[in-house]
1. Under the definition of Cα pairs under 8 Å and six or more residues apart, what whole-number percent is the relative contact order of segment 285-423?
2. Quick check on the chain: of the DSSP beta bridges with both residues there, what percent are antiparallel, nearest 5%?
3. Given Lys106/Lys350; Lys299/Lys354; Lys237/Lys354, which pairs have Cα atoms separated by over 31 Å?
4. Just the accessible area for Glu10, please: 1.4 Å probe, Å², rounded to the nearest 10?
5. List the relative contact order of segment 320-381 as a percent without decimals, with contacts defined as Cα pairs under 8 Å and 6+ residues apart.
6. For Asn55 and Lys133, FRET efficiency with R0 = 35 Å and r from the beta-carbon atoms, rounded to 0.05?
7. Taking a 1.4 Å probe, which of Ile303, Ile12 shows the most accessible area, and what order do the others take after it?
8. Tell me what the chain gives for mean residue ellipticity at 222 nm when only DSSP H runs of n ≥ 4 count, each as -39,500 (n - 2.57), the sum divided by the residue total, rounded to 500 deg cm²/dmol.
Amino acid sequence: MSKSLNFLYEWIGPFGPLTNNRLPTIADLSHAQFSNKREDYQQEPFFYNMFNNFNIVPACSANKDLINLYEINFSGYHYRNWTRIIEDAYAQGDLPTSQEALEFKKTYILVTIPFEGWVHNKMFDMLYTQFSKNGFPLDRVIYVSNCQNAEELHNVYCKTRGIDSLLNVEYIPTCRIHQTGVEQPLRDRKNNPYVPGPRKKDFLCFQRRWSDHRLVFFLSMWRKGLLDNFYMSMSNKQPESGASFKSNIEQVTRRHPRFKITDQEIVKSEQVLPLILDTTNFDRYPMEASADDVEQYYKDSMINIISETNFFTPEIHLNEKTYKPIAFKQPFIMMASPHSLQHLKDVGFKTFDKWWNEGYDKIVNNDDRMEEINRIVEDISNWTDEKKVQFTHEVKDIVEYNCEHLATMSHPEVKHFEEKYGN
């Protein structure tokens, strides 16, 4: 028999609960009576939607004898204002106190960031400091993110800090379950079979937001004269801040001297930017209005270079950047943190080591891993046209299987969470 999770909230209205991070205002309450869209829609908890068996329970009527999860939802907040969120929640009386922890011995504080993979030291410092300061037992705090190796990185953090590993750190693959941005191609998968044959471009690589590895990869492909082999997107200024390409790439050069980026290369490579595919608006999120905006790029290119969120940090955080090429039935090379590709294999996806060496995924040195990916891309670019067409025929069964697997797979991480914290 499946276990059921109890989620506690201070306020539960006609359209669902309001996050426990803050008390609802008069505007919240009045707005919710007349509309199914609250002004503070970003504050609405999302995490419980990951589960089939759950109860939404008013905190005032919680059963002391059951396991209860009192959720703090960080997903609607601006980046990295975590300390203030916890401090304000305690100041407003929104979180269980140490006295309530003694009375409700099975109640956990559940901290959720469902679509992010934030498991770095600063995040753990905040959680340990804030809950210890307020006297709430750390072994009754659960931190959930979309980072697959979060528990491993938490153990490294505790060992480095010389402290006991008390916090419960859990991984729920929100982006895989929620199928962000891939709903349409998965629904249409039976009517859109993979069609082998020649392609207009060898590679597709969406690089809409700037980060070190994306800038390095762009410049590496420019150096090798391979941009004509790509559908690649990249702005000529940082989408979030408007900062210049030159200022960003100069910082990358300082952080990663191994790539020996010269001033002359910065000036010349900037001249080919922006690289535009489906939209000129690099600030919009999501950038495409629907799957129709980008579908043709997948059909017209041979291999996807998945430019994931993380590369130079160890967090394995797979999101729509990984699942889109799978849903659109495209072979892929993962430009991500080490062992990201292995995680896909572990949950049942098939990969492409028959055609290129996937040992890059095991290379822990980030610069070495980047150079190996660059080498693989260059080798594939030099395949004959006949070999490229043959490749599309040979991978058909794999890409069809991967798409079907994504559409129908079970999620053992969810079952694990239910068994551990359910009633």
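1. The value is 22 percent.
2. Percentage antiparallel, nearest 5: 15.
3. Lys106/Lys350; Lys237/Lys354
4. Ignoring ligands and nucleic acids, Glu10 comes out at about 100 Å².
5. Dividing the mean separation by the residue count of segment 320-381 yields 30 percent.
6. Step by step, r from the Cβ atoms, then E = 0.70.
7. Largest to smallest exposure gives the sequence Ile12, Ile303.
8. Roughly -11000 deg cm²/dmol at 222 nm, from the helical runs in the chain.
The values are calculated or read from the model by the stated rules, or taken from the named source; none is laboratory data. A quick note: this is a predicted structure, and the numbers were derived from the prediction, not measured. Backbone-built Cβ (ideal geometry, glycine too); neighbour counts: all protein chains shown. SASA here: full protein model, heavy atoms, side chains in, ligands and nucleic acids out. Shrake-Rupley method; radii C 1.70, N 1.55, O 1.52, S 1.80 Å.
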